[in-house]
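Heads up, the thing below is written out as structure tokens.
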């Protein structure tokens, strides 16, 4: 491509605008789990649809029962591969709000980072691909491949609409490779390509005891305390080493292979650095596995929220009427979230004390994913990242889940590239989420180079 | 007393005013644990001080570091006993506020009950004694005994100021018997005199894990989850039958004697009635003890509040940075709350996983109490109650704690009468606290008769 060096030059010149556009998008509080935010979530969809329309793409807002998809495509290029960029415009909740240094929807620059909810997860990251395509088109040169964008608004609540519609959209979304930037580099200065993700299964358990809060003096000893029942139940799910105690839980877990274990052992980050980065004295987890093995390739159980009784100032000596817990599992290939739900129900039934009523609400589930590390797309991505970031990427797995990825593989029969421009300490899902501005710009550049490299592959 | 039948008549005629005065007092939101309510707590003290002053008593507001005592006395009566009425003008918090049918500080009558926070615990109950004394004095006749009132404002937060000041106030508070109405009748239609109370020890445990909430995908399996640690720890405190697992916990527990067990077996309420009243399918507790034995004479452990991570709508897959729990024990004679605190610290230390920091905050503690069932005051109270309520009271213990009672016994060397006018389902400490209006008026009448009976005893 004769115009390509010019394009990279253009990208640099446009960097201020690229940043201010991201800031604009981040101002929209598109929290998909908050039913009072329907309008704001929609505004975030409209924002990206307009951005793509203005660049000349054919754009469609596809309504769903909840939050719309934004679909866009560039013209087909016969003989060249088709790539679909997938990302999401919805964001996580912001609590605890008092821990944010600047408002979650008032994007603020500090120390070369842009702070806002969604900065890295995923507005900032998906926008890198949108910017690279927009600039390519603005340069007046046709792209050497066809690019389709699918930007959804329910990723943070389980991608239910997309999951349901995907089979019916198979022809429209047909592609050779899906590109997703919704993960992290391995470490500061060490970019990575992620070839594996964990699955997920999330639940809420509600326990109901007495008809209302009771005086613990008059009733303590006579009535089961739902908060204690909840602690017993959660304690029964996992032992003190982090081994999950639900019968059959590990039956389908695919063991790690020795090649992976050896590759990961060579990765630069030490446990001490990792512990310091997350602010704990000591790491924790299943014996016999390294930290990366535990968080990338072993299933885990976490309690995400506890809620019962008196939480305000001072003492209130009650037996609370109710207690509830949100908990989740990260799964690995080949665990099945539906099987897990059945096993959990069985386990809870066996351990449930008398005197409390219970309901278990499974929220969403997804299986884990493993991509080929040998594809030409992987090679193209590796080269593009090395050109943009100046360092060859390492091949890693990620402990997080992008529930729709496995389904893309299954339904579309495509390859998959997970190119994380973020950093592990970007605080996705936490207060003070950020995206390093340099990584944003390098991501845009890597994306532009990637289109050039993939354009040279045969379809 | 020739004037006595007239006085009972007066009480009946004044009943509307007695009720409207209680309503007035209940409107004042005197939540002692809420540091933003200092003014309102004080207003409640001023209200009762004015009521007593207007009746002609010598009244003093005694300041403390937190909430003042209201002290008042009638003239000494040589040769007759001195009685101190103890009560409190402070109330419990009101959460969960959305479960109140009418506002906690908007006293409302429904079905013969007055609903408001503090209705039974303790404004309504202590006011019965104040009304009886005020009417006696208003009738122009001297009381046949000296009555001292000590109405404090920290009962719901542990009576710390009173505990500290009590030894220095020994002479002023000197009395033959303390009368306290801050408990319940045995059941609807069955009044009771309470001769035993459980002690209490309350705690808050805070666990801190990572520096902030972490993404459970990227970090799950690498970092100890403080909410899980909390569930393990609480689960380790008590077994599934309600037996407390802290080493040495039962060492000092005074066993129940057979006479008590037999008396309690004869009490009319069945487990089925009790379960229905509190809204559970099934009661719960230590094997080998009846329901009354478990709640009156056996120590218990309760979790009063759990707080961690995401509690809002939807899913937030985090490892929470912190988790906290409020928990409490009800103790029996001769357990010591300070010894317990040491044992809990030891137990937590042994069970604490690595990777979390913790702090244990003991809030308040008190030993349990047992009064003589044979005193002439007990006999006088029994007769007074039978005259006012029309039924002979049964002798019971109570599972609740009035931390200062044991200290009155120890410091003042006095007898103690616990005369509960409330009902078990009055929702003390719960939403929709109430006091049956008939019980309020019967309480005033029983109190007036009690002064007459005690006045006839020799000092």
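Conditions: (1) farther than 30 Å from residue B:156 by Cα; (2) surrounded by fewer than 22 Cβ atoms within 10 Å (Cβ to Cβ); (3) at pLDDT below 95; (4) facing chain B (nearest Cβ under 8 Å). Residue A:270 meets all but one. Number of the miss?
Result: residue A:270 passes all but (4).
Across region A:111-135, what is the total count of residues that are under 19 Å from residue A:154 (Cβ atoms) and in a loop (DSSP other than H, G, I, E, B)?
Total satisfying the criteria: 5.
Does region B:353-360 contain any residue that is assigned to a loop (DSSP other than H, G, I, E, B), surrounded by 24 or more Cβ atoms within 10 Å (Cβ to Cβ), within 14 Å of chain A (Cβ to nearest Cβ) and touching a helix residue (DSSP H, G or I) at 6+ places or on another chain (Cβ under 7 Å)? If you could, list the steps in order and put the result at the bottom.
As a first pass, look at region B:353-360 and keep what is assigned to a loop (DSSP other than H, G, I, E, B): B:353-356.
From the residues that got through so far, the ones that are surrounded by 24 or more Cβ atoms within 10 Å (Cβ to Cβ) too are B:356.
Going one step further and asking which of them are within 14 Å of chain A (Cβ to nearest Cβ), we end up with B:356.
Still in the running and touching a helix residue (DSSP H, G or I) at 6+ places or on another chain (Cβ under 7 Å): B:356.
The answer is yes, given that some residue of region B:353-360 is assigned to a loop (DSSP other than H, G, I, E, B), surrounded by 24 or more Cβ atoms within 10 Å (Cβ to Cβ), within 14 Å of chain A (Cβ to nearest Cβ) and touching a helix residue (DSSP H, G or I) at 6+ places or on another chain (Cβ under 7 Å).
Which one is farthest from residue B:302 (Cα to Cα), of the residues in region B:246-267 that are in contact with a helix residue (DSSP H, G or I) (Cβ under 6 Å, 6 or more places away or on another chain) and outside any helix (DSSP H, G or I)? Full working, then the answer.
We begin by selecting, within region B:246-267, every residue in contact with a helix residue (DSSP H, G or I) (Cβ under 6 Å, 6 or more places away or on another chain); these are B:246, B:248, B:256, B:264.
In the following step, the residues that additionally are outside any helix (DSSP H, G or I) were identified as B:246, B:248, B:256.
Working: B:246: 14, B:248: 18, B:256: 22 Å.
Ranking the candidates gives B:256 first.
What's the total number of residues in region B:245-267 that are under 25 Å from residue B:193 (Cα atoms) and either facing chain A (nearest Cβ under 8 Å) or over 23 Å from the mean Cα position of the chain (by Cα) (or both)?
Adding up the residues that qualify gives 9.
Would you check which residues across region B:71-96 are within 30 Å of residue A:321 (Cβ to Cβ) and either more than 14 Å from every other protein chain (Cβ to nearest Cβ) or touching a residue at least 12 places away in the same chain (Cβ under 8 Å) (or both) and list them?
B:87, B:88, B:89, B:90, B:91, B:92, B:93, B:94, B:96
Scan region B:293-339 for residues that are assigned to a helix (DSSP H, G or I), buried (at least 24 other Cβ atoms within 10 Å of the Cβ) and more than 8 Å from chain A (Cβ to nearest Cβ) and jot them down.
If the condition is that a residue be assigned to a helix (DSSP H, G or I), buried (at least 24 other Cβ atoms within 10 Å of the Cβ) and more than 8 Å from chain A (Cβ to nearest Cβ), then B:296, B:297 are the ones that fit.
Does residue A:330 meet the test of being closer than 19 Å to residue B:232 by Cα and at pLDDT 95 or above?
Answer is no for this residue.
Search region A:235-244 for residues being over 25 Å from the mean Cα position of the chain (by Cα) and not in a loop (DSSP other than H, G, I, E, B), and hand back the single one that is farthest from the other protein chains (Cβ to nearest Cβ).
Once the filter is applied, the top-ranked residue is A:236.
Could you please find all residues in region B:140-169 being more than 28 Å from residue B:361 (Cα to Cα) and at pLDDT below 90?
B:140, B:141
Of the numbered conditions (1) touching a strand residue (DSSP E or B) at 6+ places or on another chain (Cβ under 8 Å); (2) within 10 Å of chain B (Cβ to nearest Cβ); (3) farther than 30 Å from residue A:356 by Cβ; (4) surrounded by 14 or more Cβ atoms within 10 Å (Cβ to Cβ), residue A:281 fails exactly one; give the number of that condition.
Of the numbered conditions (1) touching a strand residue (DSSP E or B) at 6+ places or on another chain (Cβ under 8 Å); (2) within 10 Å of chain B (Cβ to nearest Cβ); (3) farther than 30 Å from residue A:356 by Cβ; (4) surrounded by 14 or more Cβ atoms within 10 Å (Cβ to Cβ), the odd one out for residue A:281 is (4).
Please count how many residues of region A:417-428 are within 12 Å of another protein chain (Cβ to nearest Cβ) and in contact with a helix residue (DSSP H, G or I) (Cβ under 8 Å, 6 or more places away or on another chain).
6
Conditions (1) in the same structural domain as residue A:26 (by TED's automatic domain parsing); (2) modelled with pLDDT under 95, marked per residue:
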site: A:325; (1), (2): no, no
site: A:356; (1), (2): no, no
site: A:415; (1), (2): yes, yes
site: A:421; (1), (2): yes, no
site: A:424; (1), (2): yes, yes
site: A:434; (1), (2): yes, no
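Do you know which of the residues in region B:193-214 that are surrounded by 24 or more Cβ atoms within 10 Å (Cβ to Cβ) and out of contact with any helix residue (DSSP H, G or I) (no Cβ under 8 Å at 6 or more places or on another chain) is farthest from the other protein chains (Cβ to nearest Cβ)?
Taking the candidates together, the pick is B:194.
The values are calculated or read from the model by the stated rules, or taken from the named source; none is laboratory data. Keep in mind it's a predicted model, so treat the numbers as computed, not measured. Positions of Cβ are backbone-derived with ideal geometry, glycine not excepted, and every protein chain shown enters the neighbour counts.
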